[in-house]
Structure formats: C-alpha cells, structure tokens
Amino acid sequence: MAITDESNYADGAKVLPFYIVCDESASMDQNGGIDAINESLPDLHATITADPLVNDKTRIALVSFSSEAQVLVPLCAAADVDEMPGVTATGSTKYGAVFELLKRVITDDGRMLRSDGFQVIRPTVFFVSDGEPTDEGDWETPHAELTDKNSNPWAANIIAFGVDSADRNTIFRVATLKGGAFESSKGSAPAAALKKMIPAITKSIIKSGSQSVPQLVLPKEGDGFNVIDLDVIDEG
Amino acid sequence: MAPRRRKGKSIKGRAYPTARTIGTGSSFAKKPWWDSDWWLLDKEGHNRDIACDVGTVGDLAVAAASVRGNRHRLSGQRCEDSFCVTTGTTAEEELFVVIAIGDGLGSDGSPYSAYGSKRVTYLFANKLTSWFSAASEIVSEAFVEASEEVIEEVRNAVKSWTPDDYLAPTETPADADPANFDTTLTFAVLPARTAAAEQPRTVLWGTIGDSPIFKLSAQGWEMVSTAEDGEILDSATRTLYSATEILHGETELTNDEVLVLTTDGVSDFLMDSGKTLAVGADLAERWQRPVRIESFVSDLMFDFITADDDRTAVVCWPDRTRRRN
C-alpha cells in the first residue's frame, strides 16, 4: 500500500555503490583466474541478496576489461540480478580503458541514484588483475581523472587486488586507500588466491552495508593474500 | 456424516499486506515475518518489537512508542531504544510531564544496550519528576541543576546491578565496561495545564547524543535541540558515559504546535539540511493532531527503504480537547 508516489521514492535514503572490476585478459585463463572468478561470483551475489538490509543499502555492478572494457552487470541492487554472468578470457590488459569507462559509468549511475532521491556514498571499485598494464599510452591520467576528488565530484575509491604477474608497485598505485592494495601471498597460486579474495570482497560489502549509515569497511587480508605495504623493506 | 473438508485455497499470488509503505519500501518488508527467516526472536526473550504508551495529563495528549528495527530483527536482538513518560505535581500543585528517550549504544553485538537505555530513561524520568515534585516551580536554572545532578545519580545507579535484575549484564559490575550499556539521552519537561490558556508554555529540554527534539506545526518540522548558534553538535562521542556536558535549552510551545522527541531511527528520515524528506512529510501530516493508538503504532512502523534502525517517538499535543479530526 504505497502512501506516496514513487517519483522521489528514496528521498533521504543513503546507498553505497560497489563496482567489481575483473581482468579478462588471456593470461587470466591460463592461470585459472577466469574459472576462480566465475566460481566465486555466484556466492557473492547470493550472499548479498540473502541480506535484505545490505541489498537495500548497496548497489553492485560487474565490469570486465582486457583490450576494451565493458559493463557486464549495470549498477543495481543484488536482488535485481537473476544470475551473475561469467567473465571470458580475451585480449590484453588495458588499464586506461577501464578507468575511462568507470569515470563515465559512475557519474551516470550517481546522477541516476540522486534523481531517485538517494544520497550516494562515495563509490568503491574493487579492481582485480593478474598482470601489468599493456596500454600504449598512459593509464595514470584516466586513473587520476576517476579518483581525484578535487576535479571529479563522483571520484571513486579503489581497492586493488593483484595476482600472478601483477606488479605490487602498480597495484599499490592503482589503490587509493591506505590498506587497500592486496597481492597473493608468496607460494599461493593465482586461482587459489582469487578464491580467497572474492569472498573477502563479499565480506567487505556486507560489513559496509550492515551499518545504520552505509560506510566502507576495507577487506581484510586472509589466507593466500596480504596487504601490500610498501613501507616494509623486502629483502627477498 | 463426516464434515466435508474444504479444499485449501492457495495463497500463492496473493499480495502480502505490508506496513505503511513510503516510496517503494524495503526488501525486508516484502516477505511475511513468519516466512522470511529475517525476523528472529531474541534468545533471551523480550524482543520488544512494539512498546507503546498513550495517555493524557492536564491538557496534554501524549503518545509514545518504540519499534524494533529491521536490523535487530535480522540479528535476533531486542530493541535498544526506550522511552519513559512520567507525570508529577509541583509543590504549588502545577501539573507537569517529564519525557525521556534513549538509544542504546553498546558495542556491536553487545546484549546490554537495551538494559542501558531502558534503565537510564526510567530512572532519569522518575528521579527528575521527584526533584520537581518537591519544587515550587520549574525554571530553567533549577532544571539545569536538577538534570545534571540526576544524570550523575543515574550514571552510578546503572553501573550496579544484581545478577537477576531485569535485562542486567551477566558479568559483575566490577568487570563490566560501561561502553557495553551506554546510551544517548534526550529529555524534556513541560507544564500540563488544567485550565484553558492561550499563551505559549515553556518547554525545558536537554540532550546527550543524537536523538533530537522537534516542534511540528502547520508549517512543518523545526528542530529545537541545537546549540545557541544553531549548530548541531557532533554526536560522535556524546553518550551518557562519554559526554562531559549536557546540551540544555528551552523553547516556547504554542497550542497550535506539537512537541516531538525522536531517536535517529526516525529523525534521520524527517529532515536533511533543512529539507523535509518523504517520511517527514508523511508524519507531519499525520501528527498535526492526536491519533488513535493503533494508528500511532502503525505510523511509526512505516516501511521505508534503508530505514532499519530501532525507532522511538514521543509526541505531545497541547490543548488536546480543541484538536479534533
């Protein structure tokens, strides 16, 4: 029984958008990363959908990138997705393409949520990659345009995960929050690490959306992956 | 002859009648409570999904209710909000009412938040009533002195219990951390008239934390509980056991206005940066005059997306016999 019309149906409600960004380059197939992600995404979807409060306070989107970037699941409440699509290995690893796409998509999504009456908490991007960027030009400029709060009102936070050939310095530079860059632990296979990273992302979304006002809670390092702390001297 | 069994009618497809929905409503409310696995009992009982008091004193009609939030229903914890409305008579035989509300702030998962808020609001309202029952009049200076003294008494009283006390922590008081049963506290005292009078009455109020006080009129909501410069204090560290001062104030309440005390489970959806929100517009229209008890509870049980915290509202209508539907 609706009391008011739905034109401003969320007037005053706060929502926290999450963008899960997965590397789909060819190497992700070779190291088992594609299978690991495809096995883990349904659990992420089911866990968020099963919590009605987190479902209402968060939005998720799935973005993939290789030579190009594309939106596989547009930003929506998890319960509005029937089934998470899988990722498919193809092409190289162009970071710039996905950062350009994210800037455009996050701005459009944010404006749409605002027009529905929501107050939008700063979006978070979970960035997962297994290799170094293969961009001909620089990727740092689109990255800065996406994340610079002074120039972009819709600037996003980025939490970055690197496995296999991803360089820890690069992953550290992609991440924008202290404690928000992760790498697979020494000796941990890429697929095994990814199978731990995706549940950590799920827990982060659940904890973030479980508070009375949604607020980002960083993932915690776990079995198979750890925080990249470049203040630590590595004698290895 | 055996009675003919009626064939069971399928209820599939029949719409589930929801609470009052503002906007599209929440995911939580889309499934019946008996079917969703989202609406859990507190294992120690006394969920307090709904608590409500209504009544009159002098020319005032007062309705007070707390509703357990969806967050605590999902986690199987009891409502951590509370209220207490008491009445008294001064030494000069002037009727008055004391209202206290609290929002338990125990650390995540602590089972003692409800104990803190309930015990604090009950003790505070009753002790303040006793204080003013012995006074000849209720004035601002005495109110500040009394509330500070009573709050100190309440802080100490709540920190001592016996194992079987209602909702009390299982650990001994010596081992307990007050952070586990800390609460906000917002309170008001106002006269209840026995004869018609047109002039406004003075409402004395105090607050620790983020449970605000409003006046509601035909023009809408006006937040009363702000600092003198209009700034809303940062409530992050303002709880009963962490606050170093109480914010006090007074406001004049005309017979055309309504006094409303709420916890943030309601106030977060009334106004934002001076703008009335959808829930605020709805309740502003409904609470201009007294409502039936079942309507009041239903009003507070509004379903709005993301509004999942415990809710409390105490609404005070002056000059009650003049307010008719």
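The values are calculated or read from the model by the stated rules, or taken from the named source; none is laboratory data. Keep in mind the model is a prediction, meaning the values are calculated, not measured. With ideal geometry, Cβ positions are generated from the backbone for all residues, glycine too; neighbour counts draw on all protein chains shown.
Flag not set for A:S188, criterion: buried (at least 16 other Cβ atoms within 10 Å of the Cβ) and within 14 Å of another protein chain (Cβ to nearest Cβ). So which residues in the stretch B:110-144 are among the small types (G, A, S) and touching a residue at least 60 places away in the same chain (Cβ under 8 Å), if there are any at all? Scanning the stretch B:110-144 gives B:S110, B:S113, B:A114, B:G116, B:S117, B:A125, B:S140. Scanning the stretch B:194-215 for residues that are surrounded by 18 or more Cβ atoms within 10 Å (Cβ to Cβ) and of a type outside the set (S, T, N, Q) returns B:R201, B:V203, B:L204, B:W205, B:G206, B:I208, B:G209, B:D210, B:P212, B:I213, B:F214, B:K215. Within the stretch B:299-325, if we keep just the residues that are in a helix (DSSP H, G or I) and at pLDDT below 95, the residue that is farthest from B:A114 (Cα to Cα) turns out to be B:R322. Residues of the stretch B:36-51 include none that is in contact with an Asp or Glu (Cβ under 8 Å, 6 or more places away or on another chain), within 14 Å of another protein chain (Cβ to nearest Cβ) and under 16 Å from B:D303 (Cβ atoms).
Candidates B:A142, B:A179: the one that is surrounded by fewer than 18 Cβ atoms within 10 Å (Cβ to Cβ), in contact with a Gly (Cβ under 9 Å, 6 or more places away or on another chain) and assigned to a helix (DSSP H, G or I) is B:A179. Against the list (1) β-branched (V, I, T); (2) without any contact (Cβ under 8 Å) to a residue 60 or more places away in the chain; (3) surrounded by 12 or more Cβ atoms within 10 Å (Cβ to Cβ), the condition B:T184 fails is (2).
Residues of the stretch B:289-298 that are surrounded by 17 or more Cβ atoms within 10 Å (Cβ to Cβ) and either assigned to a loop (DSSP other than H, G, I, E, B) or within 10 Å of another protein chain (Cβ to nearest Cβ) (or both): B:P290, B:V291. Under the condition of being assigned to a helix (DSSP H, G or I) and over 15 Å from A:V213 (Cβ atoms), the residues counted in the stretch B:262-288 number 9. What number goes with the only condition from (1) within 16 Å of the chain's Cα centre (by Cα); (2) among the aliphatic types (A, V, I, L, M); (3) at pLDDT below 95 that B:L283 does not pass? In the conditions (1) within 16 Å of the chain's Cα centre (by Cα); (2) among the aliphatic types (A, V, I, L, M); (3) at pLDDT below 95, B:L283 misses (3) alone. Under 9 Å between Cβ atoms, at least 6 apart or on separate chains: pull out the pairs that start in the stretch B:18-29 with a residue that is more than 7 Å from every other protein chain (Cβ to nearest Cβ) and at negative phi and end on any residue that is of a type in the set (F, W, Y) and crowded, with 20+ Cβ neighbours inside 10 Å. Partner pairs satisfying both residue conditions: B:A19/B:F302. Of everything in the stretch A:15-58 that is touching an Asp or Glu at 6+ places or on another chain (Cβ under 9 Å) and of a type in the set (D, E, K, R), the residue that is farthest from the other protein chains (Cβ to nearest Cβ) is A:D29.
Scanning the stretch A:203-217 for residues that are surrounded by fewer than 21 Cβ atoms within 10 Å (Cβ to Cβ), assigned to a helix (DSSP H, G or I) and β-branched (V, I, T) yields one hit, A:I206. For the stretch B:248-267, state whether one or more residues are within 30 Å of B:V158 (Cα to Cα), free of Cβ contacts under 8 Å to residues at least 60 places away in the same chain, of a type outside the set (K, R) and within 14 Å of chain A (Cβ to nearest Cβ). Yes, that holds for at least one residue. Number of residues in the stretch B:59-77 that are surrounded by fewer than 18 Cβ atoms within 10 Å (Cβ to Cβ) and either more than 14 Å from every other protein chain (Cβ to nearest Cβ) or part of a loop (DSSP other than H, G, I, E, B) (or both) equals 1. Just for the stretch A:63-98: of the residues that are part of a helix (DSSP H, G or I) and surrounded by 18 or more Cβ atoms within 10 Å (Cβ to Cβ), which one is nearest to the chain's Cα centre (by Cα)? Filtering the stretch A:63-98 for residues that are part of a helix (DSSP H, G or I) and surrounded by 18 or more Cβ atoms within 10 Å (Cβ to Cβ), the one nearest to the chain's Cα centre (by Cα) comes out as A:V98.
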